[in-house]
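The values are calculated or read from the model by the stated rules, or taken from the named source; none is laboratory data. Here the structure is a predicted model, which means the values were calculated and not measured. Every residue, glycine among them, receives a Cβ derived from its backbone with ideal geometry; neighbour counts consider all protein chains shown.
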Amino acid sequence: FILVRVVSFLVILLFMVAIVGVVVILGLGQYIIELLQPIFHYSTSVIDTFQALKWPLTTVVLLVIMCLIYAVVPNRKLSLRSILPGAIFSTVGWMLLSQIFGLYVKYFSSRIASYQIIGSFIILMLWLNFAATIIILGAIVNAVVDEYLSGDKEKKQPSFEQRLFRWFKKKK
């Protein structure tokens, strides 16, 4: 029991670090590279290469993270064929959500200038809520796809009434 909890905690911690890393690279990567350019004296082609590879690399890393989440979290073993649709849905959803919230903050944050701290907190909470909703919807997509692909292979458990009826039948 304790070992399962420790492993679960470490897996969640690893996923959080990976997701924060992806968000930092996506959001601050360009700024960090431009900041380090005078120190390391690399050419501007590095900045151009980063700009060209930022979106594909972020998409692939986020897709891998989502696949790992959907493979590790359920109590049953799922095939990659069952995991991939939800992971793609979640990856595209997260990318769109990040872009939409970036635009929202860019254009509408000045309207809440007098309430910047609480407004930023509310926007962060909304983003976290929508991000969690996207992950859950991706899991639902995976469940529907897995049920469609595997059919009803799992043996259905009898209901409480059916078990009670059988028990009384045995007693007679």
>> Quick check on residue 108: is it under 27 Å from the mean Cα position of the chain (by Cα), at pLDDT below 75, among the hydrophobic types (A, V, I, L, M, F, W, C) and on the phi < 0 side of the Ramachandran plot?
In response: yes
> Here is a list of conditions, (1) over 16 Å from residue 135 (Cβ atoms); (2) in contact with a helix residue (DSSP H, G or I) (Cβ under 6 Å, 6 or more places away or on another chain); (3) not assigned by TED's automatic domain parsing to the domain that holds residue 11, and residue 87 meets all of them except one; can you say which number that is?
Replying inline: (1)
> Taking interchain pairs and intrachain pairs at least six residues apart, which have beta carbon atoms under 8 angstrom, with the first residue in segment 26-49 and in a helix (DSSP H, G or I) and the second surrounded by 10 or more Cβ atoms within 10 Å (Cβ to Cβ) and among the aromatic types (Phe, Trp, Tyr)?
Replying inline: 29/50; 30/50; 33/50
